[in-house]
2 protein chains.
Amino acid sequence: MSLPEVNEVLERLCNLLRMETRAFALKYGLQPVQMEALTYLTQCNRYSDTPQAVGEYLGLTKGTVSQSLKILEQKGLLRKQTDKQDKRIVHLSPTVKGKNLIKHTSADKTLTPSLAKANSKKISELNSVLRSTLIEMQKANQRKAFAACHTCRFNEKNEKGSVCGLTHESLSVQDVQLICREHEYPS
Amino acid sequence: MSLPEVNEVLERLCNLLRMETRAFALKYGLQPVQMEALTYLTQCNRYSDTPQAVGEYLGLTKGTVSQSLKILEQKGLLRKQTDKQDKRIVHLSPTVKGKNLIKHTSADKTLTPSLAKANSKKISELNSVLRSTLIEMQKANQRKAFAACHTCRFNEKNEKGSVCGLTHESLSVQDVQLICREHEYPS
DNA sequence: AATTATAGTATCGAATCAATACAATTATTA
DNA sequence: TAATAATTGTATTGATTCGATACTATAATT
């Protein structure tokens, strides 16, 4: 039975990934958490760009996240904007400088070249197994999925494109590729 | 091409694993790093149970590790013992209390049950792809393998069992299953 | 015997993180 | 409508992480 083995390899791989992320972030003058928060904010949609959402995504309390965001703002990588309707809510948007930084970093990730040595059939199998494991694990630990709208059960397709069943707002082709904090898989 | 997708899923899975590890360690009154160090020390061999090795394994400097070990010792989860031959070296061994804690924790890991939903053929494929990815990545980043003796190029089998080609000491059946900091894969 | 290398510890400062308390705004309900 | 509760975010405190630097003790080399 190789189940415990996979568990072990996966944990080891995660450790390694974390080490490299730390070294990597440091190279760009950021802390790992800051890098992760900024990356998330370049990938999430307009319902999910708040301090609260960042905290849920990273598994941290809002107080903790608040400080990291403050530093990102001070470094000019992030802009804060209070919501027009609900003045409690703050929207976070990466500046051009912030976006460029993330663009650079995702270019030289160390994981991809190592993965690329496997053949493409194995890659796609790996993809499906890992994805279902991720979903199972999120369910088991009552974490939100934080996936893109096009796989969401609230997403409705019509002749013009897509509509979110929660907000009843129409979504563009780009929109449905973004991460949403309200995402739920079809049951 | 699903390569970037796998990359993304794997990163997401690692994030999730880290969240759970944090929550998990906290439940047992430990910090994540402390838990990881203690886990490593229950799995490593007698050449690899030093502060230095723990640092290499976790990708941290020895100064950083020294503090975490100090806390583990204060909590009675760890014992320090200076080497008989080389008095600079300190050997770290988990106490009974420490071993029990790790035994409990590895019992209710959240990853395993989620993985178990995949069929066993996929599991073993997953195992091999992830393992080679791990090895590739360790090579690319010049990290040590930290794997078990039985896959090491220095390990020599004889009629009595195994011998380490570096230390020329004989290794028991249990020994060759333990993690070694000097481990190198055959080329 | 002197120098150099190695293993580990101690200390400092910036940052993480949880916990708590708090302010501002919105939603609920009496 | 007014009082209460819930939600979003910030500020503060204290334990811990982590890298950097300096230091001690021991071993290896020259």
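Which helices (runs of 4 or more DSSP H) sit wholly inside the range A:30-85 and have at least 2 residues that are among the charged types (D, E, K, R)? Once the helices (runs of 4 or more DSSP H) in the range A:30-85 are filtered for at least 2 residues that are among the charged types (D, E, K, R), what remains is A:62-74. May I ask you to verify whether B:GLU20 is more than 19 Å from the chain's Cα centre (by Cα), away from DNA strand D (no atom under 15 Å from the Cβ) and closer than 29 Å to A:LEU115 by Cβ? When the stated conditions are applied, B:GLU20 does not pass them. Restricting attention to the range B:132-168, the residues that are among the acidic types (Asp, Glu) and either open to solvent by less than 80 Å² (accessible area, probe 1.4 Å) or within 7 Å of chain A (Cβ to nearest Cβ) (or both) add up to 1. With respect to the stated conditions, A:GLU11 is modelled with pLDDT under 95, under 21 Å from B:MET19 (Cβ atoms) and more than 14 Å from DNA strand D (Cβ to nearest atom). Can you name the residue in the range A:14-40 that is over 27 Å from A:LEU126 (Cβ atoms) and modelled with pLDDT under 90 and, of all such residues, is most open to solvent (accessible area, probe 1.4 Å)? Of everything passing the filter in the range A:14-40, A:LYS27 is most open to solvent (accessible area, probe 1.4 Å). Pairs meeting the criteria (first residue in the range B:14-39 and within 11 Å of DNA strand C (Cβ to nearest atom), second residue of a type in the set (Ser, Thr, Tyr), beta carbons under 7 Å, at least 6 apart or on different chains) are B:PRO32/B:THR21; B:VAL33/B:SER68. Note on the range A:41-62: residues that are within 9 Å of DNA strand C (Cβ to nearest atom) and open to solvent by 40 Å² or more (accessible area, probe 1.4 Å) amount to 3. Set side by side, the residues B:SER106, B:SER128, B:SER132, B:SER68 differ, and just one is at pLDDT below 90 and either within 15 Å of DNA strand D (Cβ to nearest atom) or under 22 Å from B:CYS180 (Cβ atoms) (or both), which is B:SER106.
Looking only at residues of the range A:90-118 that are exposed (fewer than 15 other Cβ atoms within 10 Å of the Cβ) and outside any helix (DSSP H, G or I), we find that the one that is nearest to the other protein chains (Cβ to nearest Cβ) is A:LYS117.
Close contacts from the range A:46-68, counting a first residue that is closer than 19 Å to B:ARG18 by Cβ and a second that is surrounded by fewer than 17 Cβ atoms within 10 Å (Cβ to Cβ) and hydroxyl-bearing (Ser, Thr, Tyr), with Cβ to Cβ under 7 Å and a gap of 6+ residues or different chains, come to A:GLY55/A:THR61. Those residues that are within 7 Å of another protein chain (Cβ to nearest Cβ) and open to solvent by 60 Å² or more (accessible area, probe 1.4 Å), I need them from the range B:119-131; list them, please. Answer for the range B:119-131, where residues must be within 7 Å of another protein chain (Cβ to nearest Cβ) and open to solvent by 60 Å² or more (accessible area, probe 1.4 Å): B:LYS122, B:ARG131.
Of the set (1) touching a residue at least 12 places away in the same chain (Cβ under 8 Å); (2) hydrophobic (A, V, I, L, M, F, W, C); (3) not in a loop (DSSP other than H, G, I, E, B), all apply to B:MET137 but (1).
The values are calculated or read from the model by the stated rules, or taken from the named source; none is laboratory data. Here the structure is a predicted model, which is why all the values come from computation and not from measurement. Glycine also receives a Cβ, built like all others from the backbone with ideal geometry; neighbour counts cover every protein chain displayed. Quick note on the areas: whole protein, heavy atoms, side chains included, nothing else; ligands and nucleic acids left out. Shrake-Rupley method; radii C 1.70, N 1.55, O 1.52, S 1.80 Å.
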